[in-house]
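Here the structure is laid out as structure tokens; the discussion comes afterwards.
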Amino acid sequence: MILLKNATVVNAGGMQQTDVLTDGEIITRIAPNIECFGAEVIDCDGKLVFPGFIDMHCHLREPGQTHKEDIRSGSLAALAGGYTTVCCMPNTDPPIDNGGAVAYIRKRSAECGNADVLPVGCITRGQKGEELAEFGHMKAQGAIAVSDDGLPVDSGAVMLNALKYAKTFGLTLLSHSEDKSISGNGVVNAGENATASGLRGIPKAAESAAVARDVLLAEEAGARLHVCHVSTAESVDIIRQAKKRGVKVTCETCPHYFAATDDEILSYNTNAKINPPLRGERDVDAIVQGIADGTIDVIATDHAPHHFDEKNKEFDYAPFGTVGLETAFSVAYTRLVLTETIKLSDLCRLMSAAPASILGLTDRGRIEVGARADMVIVDPDDEYTVDTAYFKSKGKNSLFDGWRLNGSVVGVIVKGEKKQI
Ligand SMILES: [Zn+2]
């Protein structure tokens, strides 16, 4: 039993000053001045308590690339960032495209006992974009959603079938929307900074045109679609219009798309090489607006760890991606809440409640009697400088290294158990 005293509890619906008691794996009581003999008391005076954050989109690299990250290090990094549930993408080696591979991830997650790791299964066998993977078998073994993330599903016909198939199995389809014939071998956002740096550009339409296609296919299929890592003004607008006419589309963005512009590439910092690429100021403004008006449902990390040697290359040859699990909350809190763009309850919706609802995780995403006792305690007054040397992740490739941020995670409870962070 754990008793949180004097907590400022933040739910998507609002905030309250209260005590929270857990017993076993669930929250059993929420009221002021709870006394409970035998419970471990945590004084939360001056702290915020959120439902544990849920990351719909991260790369934990197991199996096959465990020099970059593995389930243990990734789930520890998740805890350090306040995440109690994370969904790992299936672009591993081999890809997670069958029930056996899904079961392996669930088993590893249980063995590690850190954040709950929920596997996302492939849309297509081997992520080849041709034949659909066995959605039913993967779901039976614990797949929470399907995605070919890292790669788009090039064929519209395959994508349409995948959306219908996902609907039949009640699985959410997470789309990496990219037209590879447009992005080609580009490495940064096409625009002034690409020209100035002499790096090959990726036109924004590589994302926006693919988002438009996927939205129309979901509309045709009457299926639900979740668009990953939205980064352009046009994508936000397409999704905003689609929602208005009743298409069942949701989407996510990542901290790097609202907190940074493609100015970051001018120093040839390979940690700023991300796909989709960091964009210009107009797009960053549109992402922030999309978050503020609710068009963007979720903040996910797209945590993409790489080994130092892999990123320590010429810009053209370094892999895409930044780590994000250990900085997402602070970046969002600093750049969105402290700037009064959104409220704390909105942040809870973006990082806990909405991911839970989109994924059908009915037992979490809120602090309520009967809900899973997954909670994160945050010190809103802490201010610190990001230092990747202290990261739990094997990946030190953080765009945010050296940034000054506010708000830090000071405690995490998973299924009623206090974790070391
Ligand atoms: Zn992706």
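Observations on the model:
- Among the residues examined, GLU281 qualifies as surrounded by fewer than 23 Cβ atoms within 10 Å (Cβ to Cβ) and touching a helix residue (DSSP H, G or I) at 6+ places or on another chain (Cβ under 9 Å).
- In the range 167-253, counting only strands (runs of 3 or more DSSP E) that sit wholly within it, the ones holding 1 or more residues that are within 16 Å of the ligand (Cβ to nearest atom) and of a type in the set (Gly, Ala, Ser) span 172-175.
- Residues being more than 16 Å from the chain's Cα centre (by Cα) and farther than 19 Å from LYS107 by Cβ - total across the range 140-154: 4
- Residue in the range 315-328 that is within 16 Å of the chain's Cα centre (by Cα), crowded, with 16+ Cβ neighbours inside 10 Å and of a type in the set (Asp, Glu) present: yes
- LEU118 vs. criteria of a type in the set (A, V, I, L, M), without any contact (Cβ under 8 Å) to a residue 12 or more places away in the chain, over 22 Å from ASP283 (Cα atoms) and more than 16 Å from the ligand (Cβ to nearest atom): no
- Candidate set from the range 262-321 (those that are away from the ligand (no atom under 16 Å from the Cβ) and of a type in the set (S, T, N, Q)); member that is farthest from ALA78 (Cα to Cα): SER267
- For the range 153-171, the set of residues classified as surrounded by fewer than 22 Cβ atoms within 10 Å (Cβ to Cβ) and in contact with a strand residue (DSSP E or B) (Cβ under 8 Å, 6 or more places away or on another chain) consists of VAL158, ASN161, TYR165, listed by residue number.
For every residue, the table says whether it meets (1) of a type in the set (Phe, Trp, Tyr); (2) in contact with a Phe, Trp or Tyr (Cβ under 7 Å, 6 or more places away or on another chain); (3) surrounded by fewer than 18 Cβ atoms within 10 Å (Cβ to Cβ).
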{"position": "ALA77", "(1), (2), (3)": "no, yes, no"}
{"position": "ASP93", "(1), (2), (3)": "no, no, yes"}
{"position": "GLU130", "(1), (2), (3)": "no, no, yes"}
{"position": "LYS139", "(1), (2), (3)": "no, yes, no"}
{"position": "ASP149", "(1), (2), (3)": "no, no, no"}
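- Within the range 256-353, helices (runs of 4 or more DSSP H) holding 1 or more residues that are closer than 21 Å to GLU69 by Cα: 308-311, 328-332
- Inter-residue pairs, beta-carbon under 6 Å, first over 13 Å from GLY13 (Cβ atoms) and in the range 345-369, second crowded, with 20+ Cβ neighbours inside 10 Å and of a type in the set (Phe, Trp, Tyr), 6+ apart: MET351/PHE53
- Check on VAL153, within 15 Å of the ligand (Cβ to nearest atom), assigned by TED's automatic domain parsing to the domain that holds SER73 and assigned to a loop (DSSP other than H, G, I, E, B): yes
- Of all residues making up the range 63-115, the number that are among the aliphatic types (A, V, I, L, M) and within 16 Å of the ligand (Cβ to nearest atom): 3
- The range 226-248 residues that are over 14 Å from LEU174 (Cβ atoms), paired with ones that are of a type in the set (Phe, Trp, Tyr) and not in a loop (DSSP other than H, G, I, E, B) (beta carbon under 6 Å, 6 or more apart): SER231/TYR257
- Restricting attention to the range 1-18, the residues that are closer than 22 Å to MET351 by Cα and not in a loop (DSSP other than H, G, I, E, B) add up to 11.
- Qualifying residue in the range 39-59 (condition: within 16 Å of the ligand (Cβ to nearest atom), in a loop (DSSP other than H, G, I, E, B) and touching a residue at least 12 places away in the same chain (Cβ under 8 Å)): yes
The values are calculated or read from the model by the stated rules, or taken from the named source; none is laboratory data. Keep in mind that what you see is a predicted model, and the values were worked out from it rather than measured. Glycine also receives a Cβ, built like all others from the backbone with ideal geometry; neighbour counts cover every protein chain displayed.
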